[in-house]
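Below is one structure; the comments refer to it alone.
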Amino acid sequence: MTREEVFITLNEVFRDVFDDEEITVNEATTSEDIEDWDSLEHINLIAAVEQEFGMKFSMGQVVTMKNVGEMADIILSQI
C-alpha cells in the first residue's frame, strides 16, 4: 500500500467517523482542524483506523501522534 492509498483510506475513515463528506485530511491535519475532533471522537477514530487497516496502535503511538501524517507513518510501518 502506498502513502497515497493510505491517505485515500484515511479520508474515508475520517468522513465516516465525523459524518462529514467535506473532510479531506493531509500530512499536517490535526484535531484543531476538524471541529468535532475531541477526546471521545479520537478514541472512535483510532478504533476505526485500526479496524480499517487491520492493525493496532500501541498506547505510546496514540499519545505521541501529532498529526495525520504521523498516523500514516505508523500505519505504513505496520502493514
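For the stretch 3-27, a residue qualifies if it is within 16 Å of I75 (Cα to Cα) and open to solvent by 70 Å² or more (accessible area, probe 1.4 Å), and the qualifying residues are R3, E4, E5, I8, E12, N26, E27. From the set of residues in the stretch 9-31 that are within 13 Å of M71 (Cα to Cα) and aliphatic (A, V, I, L, M), which is farthest from the chain's Cα centre (by Cα)? The selected residue is A28. When E70 is tested against (1) modelled with pLDDT under 95; (2) surrounded by 13 or more Cβ atoms within 10 Å (Cβ to Cβ), only condition (1) is not met.
Looking across the stretch 28-38, just one residue is among the hydrophobic types (A, V, I, L, M, F, W, C) and open to solvent by 40 Å² or more (accessible area, probe 1.4 Å), and that is A28. Of the candidates E52, E27, the single residue that is touching a Ser or Thr at 6+ places or on another chain (Cβ under 7 Å), in contact (Cβ under 8 Å) with a residue 12 or more places away in the chain and of a type in the set (D, E, K, R) is E52. Scanning the stretch 39-58 for residues that are at pLDDT 95 or above, more than 14 Å from V13 (Cα to Cα) and surrounded by fewer than 16 Cβ atoms within 10 Å (Cβ to Cβ) gives M55, K56, S58. Close contacts from the stretch 4-24, counting a first residue that is of a type in the set (S, T, N, Q) and a second that is at pLDDT 95 or above and open to solvent by 30 Å² or more (accessible area, probe 1.4 Å), with Cβ to Cβ under 8 Å and a gap of 6+ residues or different chains, come to T9/E52; N11/T24.
The values are calculated or read from the model by the stated rules, or taken from the named source; none is laboratory data. Values in this document were obtained by computation on a predicted structure and should not be read as measured data. Ideal geometry is used to build each Cβ from the backbone, glycine not excepted, and the neighbour counts take in all protein chains shown. Just the protein is used for accessible areas: all its heavy atoms, side chains included, with ligands, DNA and RNA removed. Shrake-Rupley method; radii C 1.70, N 1.55, O 1.52, S 1.80 Å.
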